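The values are calculated or read from the model by the stated rules, or taken from the named source; none is laboratory data. Predicted, not measured: the structure shown is a model, and the values here were computed from it. Counting neighbours? That spans all protein chains shown, and the Cβs are built from the backbone with ideal geometry, glycine included.
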């Protein structure tokens with residue numbers, strides 16, 4: 001992508017686009033989700049506020065998971081005391097995504113506000129990197145206390161990775177109307193993540209986290225190119241992230257064309273659950289007889305995958 005032209009093949013929806021802006025020492029990824037996201041949310045048929053929240057979590061997971069340089073998983077999970085008590089989003093390399101949410105319908109219906117803070121309440125968000133067997137999991141945990149998922153991601157990178165990071169997430173709904181047909185609803189979402197990675201660590205230094213006792217570094221001066229990058233991120237409208245006619249490449253060009261932005265090959269993501277009959281069998285074999293008995297209905301053991309809603313049935317005699 002040059003500074004004056006935009007002559008490229010657009011990656012389209014459900015594709016993550018890595019990019020780099022050398023004059024700003026910035027690297028990042030951008031994505032717009034469409035059919036993949038809609039497939040997950042439509043299958044679960046969550047209430048609108050839950051779908052929006054899960055869509056944000058899926059978008060964040062895709063942006064972070066596609067950064068993995070090895071075979072493995074990136075798992076984002078919330079555990080909170082709010083109406084949406086749990087969210088789990090799971091990214092498996094190279095591009096498989098699955099997700100689900102648990103919520104209290106009665107409490108949800110009584111809410112007046114459905115912002116992220118109200119839906120989640122207080123608790124924690126864990127980000128886990130799993131490289132498979134014979135390796136140790138890496139997990140970072142951030143407290144959830146009235147913050148958005150954007151703010152949580154910024155805080156995670158600040159305290160766990162110590163990399164200046166900014167992120168924007170947005171969720172949209174599309175309603176298409178054709179004469180003589182029932183209007184069709186679809187979900188879309190988009191996000192962009194940027195990280196400041198200069199040659200020297202000193203330029204990456206950030207303001208100290210406030211300890212609550214008045215000892216913060218008030219004299220701190222942020223690197224001017226990172227300040228400029230964050231200012232550009234604030235100019236992004238939600239519609240630019242969710243509208244399929246505003247491809248991510250066009251947004252990147254609008255933001256960074258004065259400096260020259262380079263985009264790399266896109267990476268497709270898809271709705272793809274990793275459950276299987278064999279994996280469920282292995283799971284059941286690891287349970288005690290009493291635990292398996294709790295899943296018996298009408299003479300068979302019934303298991304339903306929370307991610308993809310696939311149901312499995314087994315004869316209890318197989319585990320005798």
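Tell me which residues, restricted to segment 49-88, are more than 19 Å from residue 274 (Cα to Cα) and either free of Cβ contacts under 8 Å to residues at least 24 places away in the same chain or assigned to a strand (DSSP E or B) (or both).
69, 78, 79, 80, 84, 85, 86
Would you pick out the residues in segment 110-134 that are free of Cβ contacts under 8 Å to residues at least 60 places away in the same chain and either over 25 Å from residue 31 (Cα atoms) or outside the structural domain of residue 151 (by TED's automatic domain parsing) (or both)?
110, 112, 113, 118, 121, 122, 123, 124, 133, 134 - these are the residues of segment 110-134 that are free of Cβ contacts under 8 Å to residues at least 60 places away in the same chain and either over 25 Å from residue 31 (Cα atoms) or outside the structural domain of residue 151 (by TED's automatic domain parsing) (or both).
Can you say whether residue 155 is in the same structural domain as residue 234 (by TED's automatic domain parsing) and over 16 Å from the mean Cα position of the chain (by Cα), as far as the supplied structure shows?
Values: in the same structural domain as residue 234 (by TED's automatic domain parsing): yes; over 16 Å from the mean Cα position of the chain (by Cα): no.
Here the answer is no, as residue 155 does not meet what is asked.
Among (1) at pLDDT 90 or above; (2) out of contact with any strand residue (DSSP E or B) (no Cβ under 6 Å at 6 or more places or on another chain), which single condition is residue 113 missing?
(1)
Quick one: residue 290 ticks every box in (1) outside any helix (DSSP H, G or I); (2) at pLDDT below 90; (3) out of contact with any strand residue (DSSP E or B) (no Cβ under 9 Å at 6 or more places or on another chain) except a single one, so which number is it?
Going through (1) outside any helix (DSSP H, G or I); (2) at pLDDT below 90; (3) out of contact with any strand residue (DSSP E or B) (no Cβ under 9 Å at 6 or more places or on another chain) one by one, residue 290 breaks only (1).
Might you let me know whether segment 203-222 holds any residue that is part of a loop (DSSP other than H, G, I, E, B), modelled with pLDDT of 80 or more and either within 25 Å of residue 70 (Cβ to Cβ) or touching a strand residue (DSSP E or B) at 6+ places or on another chain (Cβ under 8 Å) (or both)?
Checking segment 203-222: not a single residue is part of a loop (DSSP other than H, G, I, E, B), modelled with pLDDT of 80 or more and either within 25 Å of residue 70 (Cβ to Cβ) or touching a strand residue (DSSP E or B) at 6+ places or on another chain (Cβ under 8 Å) (or both).
Closer than 15 Å to residue 270 by Cβ, modelled with pLDDT of 95 or more and within 10 Å of the chain's Cα centre (by Cα) - does that describe any residue in segment 41-60?
Within segment 41-60, one or more residues are closer than 15 Å to residue 270 by Cβ, modelled with pLDDT of 95 or more and within 10 Å of the chain's Cα centre (by Cα).
Tell me, yes or no, whether segment 95-107 has at least one residue that is without any contact (Cβ under 8 Å) to a residue 12 or more places away in the chain and outside any loop (DSSP other than H, G, I, E, B).
Yes: segment 95-107 contains one or more residues that are without any contact (Cβ under 8 Å) to a residue 12 or more places away in the chain and outside any loop (DSSP other than H, G, I, E, B).
Looking only at segment 252-287, which residues are free of Cβ contacts under 8 Å to residues at least 40 places away in the same chain, surrounded by 14 or more Cβ atoms within 10 Å (Cβ to Cβ) and within 30 Å of residue 303 (Cα to Cα)?
Passing the criteria: 275, 280, 281, 284, 287.
Just to be sure before I move on: is residue 145 modelled with pLDDT under 95 and under 18 Å from the mean Cα position of the chain (by Cα) in the structure I sent?
Considered against the rule, which asks whether it is modelled with pLDDT under 95 and under 18 Å from the mean Cα position of the chain (by Cα), residue 145 comes out as no.
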